[in-house]
Amino acid sequence: MSNKFDDFLKEQLKDPEFREEYEALQPEHAVIQAIIDARKDSGLTQKELADKTGIAQGDISKLERGTANPSLKTLQRLAAGMGKVLKIEFLPDGKMMHG
């Protein structure tokens with residue numbers, strides 16, 4: 001079942017310029033979603049995560065809204081506070097020519 005936003009996005013992605021910009025932001029969106037998912041998975045509120053990590057709740061909120069750019073060290077602190085480990089991968093993008 002799709003919603004109006006999904007339909008709108010599908011239409012916009014037909015524009016090559018829009019698609020390029022959207023794909024450029026995908027890693028950022030993926031990190032934001034991963035933080036939110038991990039925090040919810042660990043059953044912590046932003047406040048509880050702030051208490052465990054020493055990172056201000058306001059900063060955690062900014063990270064989850066995408067208005068802050070976390071350092072690797074911050075991501076590691078968040079992961080540790082949630083009882084998780086941070087894993088970063090470099091994956092082939094399918095656009096590289098093999099030869």
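The values are calculated or read from the model by the stated rules, or taken from the named source; none is laboratory data. Computed from a prediction, not measured in an experiment: that's the story for all the values here. Cβ placement follows ideal geometry from the backbone for every residue including glycine, while neighbour counts extend to all protein chains displayed.
Data for the structure
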| quantity | calculated |
| --- | --- |
| Check on Glu23, acidic (Asp, Glu), over 16 Å from Gly83 (Cβ atoms) and surrounded by 12 or more Cβ atoms within 10 Å (Cβ to Cβ) | yes |
| Residues being in a helix (DSSP H, G or I) and either hydrophobic (A, V, I, L, M, F, W, C) or touching a residue at least 12 places away in the same chain (Cβ under 8 Å) (or both) - total across region 23-51 | 16 |
| Candidate set from region 47-81 (those that are hydroxyl-bearing (Ser, Thr, Tyr) and either over 12 Å from Val31 (Cα atoms) or at pLDDT 95 or above (or both)); member that is farthest from the chain's Cα centre (by Cα) | Thr53 |
| Matching residues in region 42-99 - criterion: being exposed (fewer than 10 other Cβ atoms within 10 Å of the Cβ) and of a type in the set (Asp, Glu) | Glu89, Asp93 |
